[in-house]
Amino acid sequence: MKNLPKRFKHRKVQKGSLRGNATRGHTVEFGEWGLQALEPGWISARVIEAGRVAANRAAPGSRITIRIFPQKPITSIPAETRMGKGKGEPEYWAAAVKPGTVIYEIGGTTEGAAKLAMNRVAHKLPLRCRLVKRRTR
């Protein structure tokens, strides 16, 4: 499953900054449990897909929602290239995640299975995460 935008306005983008906490997407909305980021960082499309597969295997039959999407092209210059000659070509797509962003959600399963699945997913991610429960209103 290739996880990248169907269309995009610019082929290459600047790095940008990940300062501050998430103001949107920081609460559990679709499931009962969520995996919340505690650090800023980029999560590549391959890592997002690996987390989805791990969650589906750990809790089969549950509802897993991915709340982030890789829409940032990350470029790199080939090894042993001299200075200059411009920006490199896009290598992969990544999602920019701020602290507090809910990355994955799971529902329709028991508490133990949800904790196990989210623990498996958290081991695949390149940043620290915590398990959060949906707030009742």
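What follows draws every value from the coordinates through simple rules; no lab data is involved. Predicted model only: the values in this text are computed from it and were never measured. Virtual Cβ from ideal backbone geometry, glycine too; neighbours counted across all protein chains shown.
Of all residues in the range 110-119, which are surrounded by fewer than 17 Cβ atoms within 10 Å (Cβ to Cβ) and in contact with a helix residue (DSSP H, G or I) (Cβ under 7 Å, 6 or more places away or on another chain)?
Going residue by residue through the range 110-119, those that are surrounded by fewer than 17 Cβ atoms within 10 Å (Cβ to Cβ) are 110-112, 115-116, 119.
Leu116, the sole residue that qualifies.
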Failed criterion for Arg7 (all others in (1) over 17 Å from the mean Cα position of the chain (by Cα); (2) within 16 Å of Lys124 (Cα to Cα) hold): (2)
Qualifying residue in the range 78-91 (condition: over 23 Å from Glu29 (Cβ atoms) and in contact with a Leu (Cβ under 8 Å, 6 or more places away or on another chain)): no
Residue within the range 39-52 that is under 15 Å from Leu125 (Cβ atoms) and in contact with an Asp or Glu (Cβ under 6 Å, 6 or more places away or on another chain) present: no
The range 30-81, residues that are closer than 16 Å to Ala117 by Cβ and in contact with a Cys (Cβ under 7 Å, 6 or more places away or on another chain): Leu35, Gln36
